[in-house]
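Comments concern the structure below.
Each reported figure results from applying straightforward, stated rules to the coordinates on display, with no laboratory input. Model, not experiment: these values are computed from the prediction. Positions of Cβ are backbone-derived with ideal geometry, glycine not excepted, and every protein chain shown enters the neighbour counts.
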Amino acid sequence: MQHSEHIDENTRELAIFMVGDMPCGIDTELVQEIIKNTQITEVHRAPEYVKGVINLRGEIATIIDLRKKFNLLTYDNDESKNMEIVVVRHGDEPIGLLVDRVSDVVLANKDNISPPPSNVGNINGAFFDGIFAMEQELVSVLNPGELLKDQ
């Protein structure tokens, strides 16, 4: 990827997205692609936060509903039509994170990322790498290893 700004060891490039009204981020190097909400096939006897699976060009990707994973308010079907899926790799498996909307990609100076508190708005702090202070808001940076370890 070409960037107009120089990225060095003190900078992380984060994809920013909304989960409910909570801004979250994830390192862009972990993101395989972002797709509009697509047909999700339900999986029986899966954990409640597993929305189902999708066929990603012949590869099966498990879809994690981050609102459910974080015990946030769930949404009605009208809302879920506009959701997006952030596909990340977990080991050699693609995992889709169902989010309300992807908003931006930002360069984050590591000095502006603080360690996460033990919980973030009643969500287990282990799911987060840190809190990034943007001008207008605080972004919870996801820790995919912890978030996806039970998959």
DSSP beta bridges in region 11-147: the antiparallel percent, rounded to 5, is 90 percent
Counting lysine pairs in region 11-147 that sit 8 or more positions apart or on different chains, with Cα atoms under 27 Å apart, gives 10
Sorted on mean Cβ neighbours within 10 Å (highest first), peptides 44-53, 94-103, 135-144 come out as 94-103, 135-144, 44-53
Relative contact order as a percentage, the chain, C-alpha pairs under 8 Å and 6+ apart, gives 26 percent
The answer for the net charge of residues other than residue 15 whose Cβ lies under 13 angstrom from its Cβ, with Lys and Arg +1 and Asp and Glu -1, is -4
The local net charge around residue 71, scoring Lys/Arg +1 and Asp/Glu -1 for residues other than residue 71 whose Cβ lies under 13 Å from its Cβ, equals +1
If each K or R counts +1 and each D or E counts -1, the residues other than residue 48 whose Cβ falls under 10 Å of its Cβ total +2
Mean Cβ-within-10 Å packing, highest first, puts peptides 60-67, 110-117 in the order 60-67, 110-117
PRE zone check, label point 7 Å out along Cα-to-Cβ of residue 105, amide N under 16 Å, scope region 25-66, hits 25-36
